[in-house]
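Down below is the structure, laid out as structure tokens.
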Amino acid sequence: MTVTKKSRQRKHKAFRRRQGEKWCFVYILRHTLESQPFYVGQTRSHIRDRLDWHIKAIRRKELRGQSLSPAQMAIHEMLGDGLEPIIQIIDRKGIWDVTEAVWIDRFKREGVPILNVDGTVPDHRSHAP
């Protein structure tokens, strides 16, 4: 049975209504199932829709001549090679703006070179293992 985007979104919307206001999924992006993650994110959307959003954001920036973030560059390179990043949920009961930061910190303490850049997370090149 093929699941259409509309039916997937309808089921996810019903699921999301049952969650708390601060609820989110925390996910990672990686090159292969065996590789380390290169990005940690959070979403309330269906996970496939979130990956599509990452790809669309890169295309929009390219059309506007804007620079890409390090994580977007990694995705762009993969797309250029005919590949798509693997998106994997690592926490299904996340708390918005909290759990993602905890996972980023955890990976960085383990020496994983996460490419997230925002006001709360130090650049991956500057962290000491």
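Just a few scattered comments:
- Looking only at the stretch 58-70, and only at residues there that are surrounded by 15 or more Cβ atoms within 10 Å (Cβ to Cβ) and in a helix (DSSP H, G or I), the one that is farthest from the chain's Cα centre (by Cα): K61
- Residues that are surrounded by 12 or more Cβ atoms within 10 Å (Cβ to Cβ), assigned to a loop (DSSP other than H, G, I, E, B) and either basic (K, R) or modelled with pLDDT of 95 or more (or both) do not occur anywhere in the stretch 6-14.
- Residues that are polar (S, T, N, Q) and either in contact with a helix residue (DSSP H, G or I) (Cβ under 6 Å, 6 or more places away or on another chain) or within 16 Å of H46 (Cβ to Cβ) (or both), drawn from the stretch 62-99: Q72, Q88
- Residue list for the stretch 71-88, filter: touching a residue at least 60 places away in the same chain (Cβ under 8 Å) and either loosely packed, with under 13 Cβ neighbours inside 10 Å or of a type in the set (F, W, Y) (or both): Q88
The values are calculated or read from the model by the stated rules, or taken from the named source; none is laboratory data. A quick note: this is a predicted structure, and the numbers were derived from the prediction, not measured. Cβ atoms come from the backbone with ideal geometry, glycine included; neighbour counts cover every protein chain shown.
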